[in-house]
Structure formats: C-alpha cells, structure tokens
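Taking it in order: structure first as structure tokens, then the write-up.
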Amino acid sequence: MTEESRIMSDSEYNITKQLTKELEFLWNVDGYIKDAEEEGNQECAKLFREIKEDEERHAKKLKDLLLKK
C-alpha cells in the first residue's frame with residue numbers, strides 16, 4: 001500500500017493510539033484516587049493525582065499534534 005492510499009500515516013496512528021491510552025487512564029483515574037482515599041492511603045492518592053496532571057498534559061500535547069496533521 002502506498003503512502004497516498006493510507007487513511008493515516010504511521011505517526012498519526014501512533015499518536016492516536018497513545019492518545020487513546022492516555023484518555024482511558026484519565027477516564028479511570030478518579031476511581032483509583034477514590035479507592036486510595038477510602039483506604040486511607042493518602043500517599044497513593046497523591047501519586048495518582050500527580051500522574052493524572054501529567055497524563056492530562058500529555059493528552060493535550062498529543063491532541064494538539066494530531067490536529068496539526
């Protein structure tokens with residue numbers, strides 16, 4: 001298959017795939033934080049909040065890059 005006949009390039013596919021992974025995590029992370037808090041594990045809850053912030057930033061960068069293509 002030639003590059004012209006593809007629906008998306010490999011890099012567009014990779015960006016889309018990674019963005020999906022980031023969004024799936026963000027969809028679930030509030031539940032992880034809630035579970036940790038209910039167990040009294042504030043260290044774990046704090047870590048998930050930090051990771052959530054990073055993942056939100058990464059998802060935005062991936063989305064912005066994909067929209068440029």
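Quick note: the coordinates plus some simple rules give every number you see, no bench work behind them. What you see is a predicted model, and the numbers here were worked out from it, not measured in a lab. Cβ atoms come from the backbone with ideal geometry, glycine included; neighbour counts cover every protein chain shown.
Checking (i) 1.03; (ii) 0.94; (iii) 1.49 against the coordinates, the calculated Cα Rg over 2.2 N^0.38 Å falls under label (iii).
Label separation (D30 vs L65): 2.7 nm, computed from points 7 Å beyond Cα along the C-beta direction. Relative to the longest principal axis of the Cα atoms of the chain, helix 42-68 runs at roughly 20 degrees.
Take every Cα pair under 8 Å in the chain that's 6+ residues apart, average their separations, divide by the length, and report that relative contact order as a whole percent. Write out the running numbers ahead of the final one.
Values: 33 pairs, mean separation 28.0, N = 69.
41 percent.
Using the Karplus relation 6.51 cos²θ - 1.76 cosθ + 1.60 with θ = phi - 60°, the per-residue 3J(HN,Hα) values for the stretch 8-20 come to 8, 6, 4, 5, 5, 4, 4, 4, 4, 4, 5, 4, 4 Hz, with x marking Gly and Pro. Cross-link partners of K34 among lysines, defined as those whose alpha carbon lies under 30 angstrom from its own and excluding same-chain residues fewer than eight positions apart: K17, K21, K46, K52, K60, K61, K63.
In a shell of Cβ-Cβ distance under 15 Å around A45, excluding A45 itself, what net charge do Lys and Arg (+1) and Asp and Glu (-1) give?
Numbers: positive: K34, K46, R49, K52; negative: D30, D35, E37, E38, E39, E43, E50, E53.
Net local charge, A45 excluded: -4.
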